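Accompanying notes for the structure given below.
The values are calculated or read from the model by the stated rules, or taken from the named source; none is laboratory data. Keep in mind it's a predicted model, so treat the numbers as computed, not measured. Backbone-built Cβ (ideal geometry, glycine too); neighbour counts: all protein chains shown. Please note that ligands, DNA and RNA were not included when accessible areas were found on the heavy atoms of the full protein model with its side chains. Shrake-Rupley method; radii C 1.70, N 1.55, O 1.52, S 1.80 Å.
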Amino acid sequence: QPALKLWYFLEDVRLEDGPFEYVRGSHRLNAARARWEYQRSVEASRKNATDRSGSFRVTDAELLAMNYALPESFPVQANTVVIANVRGFHRRASIQVDIAKRVAIHASLRPSPFVPVPIESPLTSWLKANSL
């Protein structure tokens, strides 16, 4: 289901600090992605509750097999807001230094997937118009 997260970064985030990464267009479902999600859900259902991590992790090879691009990094300056539709693949990039930090204020919006009729709102209109 679509979900929105935002990060307001209070300090600069450099490449070596592990910036936000996003796979452009991965919020759009395709047949390969549907198969990948189904396979992952079956695997997760076979694990006991203590083994479940909650989020599926994807490899670069799996992204390419689903016809998506590799993740783009978004290093940012202080006082920057990053807003993402986290239905798409996203992650924190690898940290390249011993001590890295990302000082941010974080928020999320996860509308209920069980509303019987989609509700158009300024937020959903904005997401449709501004999705990568």
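List of remarks:
- Estimated [θ] at 222 nm from DSSP helical runs (n ≥ 4, -39500 (n - 2.57)) normalised by residues in the chain, nearest 500: -6500 deg cm²/dmol
- In this Cβ point-charge picture (+1 for Lys and Arg, -1 for Asp and Glu), the chain has a dipole of about 480 debye about its Cα centre.
- His90, His27, reordered so the largest accessible area comes first (probe 1.4 Å): His90, His27
- Of all segments of the chain bounded by trypsin sites (Lys or Arg not before Pro) found in a DSSP loop with no more than 13 other C-beta atoms within 10 Å, the longest spans 58-100.
- Sorted from greatest to least, the principal axis extents spanned by the alpha carbons of the stretch 62-119 come out as 48, 33, 17 Å.
- In terms of Cα atoms, the Rg and Dmax of the chain work out to 16.3, 49 Å.
- Among Pro19, Pro75, Pro113, residue whose mean-square fluctuation peaks in a GNM of the chain (springs only between Cα atoms under 10 Å): Pro113
- The residues of the chain have, on average, 68 Å² of accessible surface per residue, using a 1.4 Å probe with all protein chains present.
- Take every Cα pair under 8 Å whose residues are at least 6 apart in sequence, average their separation, divide by the length of the chain, and the relative contact order is 53 percent.
- Anchor Lys5: lysines whose Cα lies under 18 Å away (excluding residues fewer than 8 positions away in-chain): Lys128
- Distances between placed amide hydrogens fall under 5 Å for Val76 paired with Val13, all partners being 5 or more residues away or on another chain.
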